[in-house]
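S.K.: Dumping the structure here so I can ask a few things about it.
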Amino acid sequence: SRFSPENRYGVFPAVSAGWNLSEESFLDNSKVINFLKLKASYGLIGNTPSGDFLYRTNLFLVRYADQQGLRFDNLANENLKWETTGQLDVGIDFGLFENRISGSIGYYSKNTTDLLFPRPLTQTSGFTSVIDNIATMENKGWEFSIASENITTDNFSWSTEFNITSNENTVKDLNGERLITGVNAYLEGESAGVFFMPVYAGDDSETGQALYDIGNGATTTDYNVALDNRQVVGNPNPDLFGGLTNTLSYQNITLQFAFQFVLGVDIYNQTGEELSNSGFLGFSQTIDQLDRWYAPGDVASFPG
């Protein structure tokens, strides 16, 4: 139901290998390292579109003026095929001091080809996009986890687990296309969903009009021109993320508490836009808007 008969089947093999160094003779008498394993794997994973029968044009039953009717639900794409992700993982698992401390260190690289992507269309077609295999994306980074048995007695125990992961996401190829959804965009050479917006450059001291950066040191007061000169101003994808969990047990009572964190992530404050953006929707409820242009010659943070 997801692909035409010509593209219905895919082959996605995988292979993995490991070497238990701790079972080798040169680590037999180690008083510190009781488990050490090198591991590596590579495999392919296939993914399908989220909707059924998108390879053909489908009709949708509607009512209009108390009459039954049909409308187009999507444009056909008979060339739809499997999205494929190849993932390489290499790492080390370890256990120290009779496994009182254990963990792993790993590197991963995921390359997705024929990524299923809503290719933009001119709206005169009656549609804004069509699902197509046009994108290539890469994700890569490091993973680290460690667990410790801090206290172990007959009645009480305390253990801790910590993990942290880095991820670098890049849209490698969009076949020359770009997708902009609100303030987010998918652009070649950038991370997925970067904030892509006009850049405010202050106001004209003589007229009080807002100025927008259009590159090469030039500015414009025409917001429509500024839209065509949008720039990447932030990235909603974190550089690092992870968590910390502690488990305390006393006889038959267990208490567990956990923390999660992200680092290096940009957040778009849409509420701030509505409340502070120079009276947008008639609000202007924040005190920083008092630093606005009032008369020719004023140097202010916000337009008049």
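The values are calculated or read from the model by the stated rules, or taken from the named source; none is laboratory data. Note that the structure is predicted; figures quoted are calculated from it, not measured. Here the Cβ is made from the backbone with ideal geometry for all residues, glycine too, and neighbour counts use every protein chain on show. Ligands, DNA and RNA are stripped out before the accessible areas are found, and what is left, the full protein with its side chains, is counted by its heavy atoms. Shrake-Rupley method; radii C 1.70, N 1.55, O 1.52, S 1.80 Å.
S.K.: Under 9 Å between Cβ atoms, which residue pairs at least 6 apart in sequence (or on different chains) link something in segment 17-36 that is part of a helix (DSSP H, G or I) with a partner that is polar (S, T, N, Q)?
M.R.: From residues that are part of a helix (DSSP H, G or I), the pairs are S22/S30; S22/N34; L27/N34.
S.K.: Would you check if D73 is open to solvent by 100 Å² or more (accessible area, probe 1.4 Å) and modelled with pLDDT under 90?
M.R.: The answer is no for D73.
S.K.: Would you be able to say whether some residue in segment 254-263 is of a type in the set (V, I, T), open to solvent by 40 Å² or more (accessible area, probe 1.4 Å) and within 27 Å of K140 (Cβ to Cβ)?
M.R.: yes
S.K.: Return the residue satisfying two criteria in turn: it lies in segment 115-145 and is of a type in the set (A, V, I, L, M, F, W, C) and open to solvent by 60 Å² or more (accessible area, probe 1.4 Å), and of such residues it is farthest from I92 (Cα to Cα). Let's see the steps before the verdict.
M.R.: Initially, segment 115-145 is screened for residues of a type in the set (A, V, I, L, M, F, W, C), giving 115-117, 121, 127, 130-131, 134-135, 137, 142, 144.
Then drop every residue that is not open to solvent by 60 Å² or more (accessible area, probe 1.4 Å), which leaves 142, 144.
Details: W142: 12, F144: 10 Å.
Restricting to residues being of a type in the set (A, V, I, L, M, F, W, C) and open to solvent by 60 Å² or more (accessible area, probe 1.4 Å), the top hit is W142.
S.K.: Kindly list the number of the only condition in (1) closer than 29 Å to F53 by Cβ; (2) of a type outside the set (A, V, I, L, M, F, W, C); (3) out of contact with any Gly (no Cβ under 9 Å at 6 or more places or on another chain) that fails for Y186.
M.R.: All conditions pass for Y186, except number (3).
S.K.: Please find, among A218, A135, A147, A192, the residue that is at pLDDT 90 or above, out of contact with any helix residue (DSSP H, G or I) (no Cβ under 9 Å at 6 or more places or on another chain) and closer than 30 Å to F3 by Cα.
M.R.: Numbers: A218 fails: closer than 30 Å to F3 by Cα; A135 fails: at pLDDT 90 or above; A147 fails: closer than 30 Å to F3 by Cα.
Just a single option satisfies the conditions, and that option is A192.
S.K.: If you go through segment 136-150 one residue at a time, do you hit one that is touching a residue at least 24 places away in the same chain (Cβ under 8 Å), under 21 Å from S50 (Cα atoms) and of a type in the set (S, T, Y)?
M.R.: Yes: one or more hits.
S.K.: Residue check, I45 against (1) open to solvent by 40 Å² or more (accessible area, probe 1.4 Å); (2) more than 23 Å from L187 (Cβ to Cβ); (3) out of contact with any helix residue (DSSP H, G or I) (no Cβ under 7 Å at 6 or more places or on another chain); (4) not in a strand (DSSP E or B), all met but one. Which one?
M.R.: (4)
S.K.: Scan the strands (runs of 3 or more DSSP E) fully inside segment 166-264 and keep the ones with 2 or more residues being β-branched (V, I, T) and out of contact with any Cys (no Cβ under 6 Å at 6 or more places or on another chain). Give the steps one after another, and end with the answer.
M.R.: Values: elements: 168-173, 179-181, 184-186, 194-197, 199-203, 210-215, 218-220, 231-234, 240-250, 253-263.
The strands (runs of 3 or more DSSP E) meeting that bar are 168-173, 179-181, 218-220, 231-234, 240-250, 253-263.
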